[in-house]
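Scroll down for the structure; my scribbles are underneath it.
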Amino acid sequence: MKYDDYKTAYELSQKQRIADIESIYVGGSTRNQKIGEFANKIETELGIEAFADWAQPGPEADSFWRSYSQMRGRSYRQALKSHGADQIFDFDYEHLNRCDAMVLLLPAGKSAHMELGFTRGRGKPGFVVFEEEPERWDVMYKFATEIFFSQEEFIEYLKEKKNGNR
């Protein structure tokens, strides 16, 4: 088989996976207050479970974790090996594995981008939603299944895919 044959087979399997999405991990930043509203919109308009409960600790969660760890005399490396970090990681990891796909709502930080890479590496669809076309372009967003420049554009795309317009 040639590379193009593998690529075509992979693309066909991805199209089917998109049509079959029943749950989606909504990734982003704890500082992005649009996460919850976007998750609600996905559930209401698409009937897809939109997991975004990781955002509950709020916008300062990472800062509090860092401050607490430093107060305990831990380095970043030591803090990553702590029981608290394990619990947070395991929670996100469980839901990344459980969900059928991921959508990254920008702006987002390093963690969310790592989660998108993990999702794509597992062979699952991974989407990126920008607020608008970015001033600074980045070619590595080609790793995403598809990119969008509004929440509405993403919602319409999934509606079409779920309705059989592949």
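Each value in this text was obtained by applying a stated rule to the coordinates, not by laboratory testing. Owing to the predicted nature of the structure, the values given are computational and were not obtained by experimental measurement. Ideal geometry is used to build each Cβ from the backbone, glycine not excepted, and the neighbour counts take in all protein chains shown.
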Using DSSP to define loop residues, name the GluC sites (Glu not before Pro) in the range 90-166 whose beta-carbon has at most 15 other beta-carbon atoms within 10 Å.
-> Glu131, Glu132, Glu135
Compute the long axis of helix 83-98 from its Cα atoms, compare it with the longest principal axis of the Cα atoms of the chain, and write down the angle in degrees, 0 to 90, nearest 10.
-> 10
Could you tell me which of rounded, prolate or oblate describes the range 57-99, using a ≥ b ≥ c as the square roots of the eigenvalues of the alpha-carbon gyration tensor, with rounded for a/c under 1.5 and, failing that, prolate when a/b is larger than b/c and oblate otherwise?
-> oblate
Using +1 on the beta carbon of Lys and Arg, -1 on that of Asp and Glu, and nothing else charged, what's the dipole of the range 73-113 about the Cα centre, debye to 20?
-> 300
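If R₀ is 30 angstrom, what is the calculated FRET efficiency for the pair Asn97 and Glu156, using the beta carbon separation as r and rounding to 0.05?
Once the sixth-power term is evaluated, E becomes 0.60.
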Candidate aspartates and glutamates - alpha carbon under 15 Å from Lys142, same-chain residues fewer than 8 apart omitted | Glu11, Glu133
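Using only DSSP helix segments of four residues or longer, with each worth -39500 (n - 2.57), what per-residue ellipticity at 222 nm results for the chain after dividing by its residue count and rounding to 500?
-16000 deg cm²/dmol
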Work out the length of the dipole vector of the chain about its Cα centre, built from +1 on the beta-carbon of each Lys and Arg and -1 on the beta-carbon of each Asp and Glu, and round it to the nearest 20 debye.
-> 760
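Count charges around Phe118 for me, please; just the other residues with Cβ under 12 Å from its Cβ, Lys/Arg as +1, Asp/Glu as -1. Please report the intermediate quantities before stating the final value.
Numbers: positive: Arg120, Arg122, Lys124; negative: Asp92, Glu115.
Its environment carries a net charge of +1.
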Tell me which residues come under 5 Å, amide H to amide H, from Ile21 once H is placed; ignore anything under 5 positions away on its chain.
-> none
Rg over Rh, two decimals, the chain (C-alpha only, Kirkwood Rh) = 1.01
If every Lys and Arg gets +1 and every Asp and Glu gets -1 at its Cβ, then about the Cα centre the range 26-91 yields a dipole, in debye to the nearest 20, of 560
So what J values fall out for the range 43-59 if you push phi through Karplus, 6.51 cos²θ - 1.76 cosθ + 1.60 with θ = phi - 60°, rounded to Hz, Gly and Pro as x?
-> 5, 5, 8, 10, x, 10, 5, 10, 7, 9, 5, 4, 7, 4, x, x, x
If you take the square roots of the eigenvalues of the alpha-carbon gyration tensor of the range 92-152 and sort them as a ≥ b ≥ c, do you get rounded (a/c under 1.5), prolate (a/b over b/c) or oblate?
-> prolate
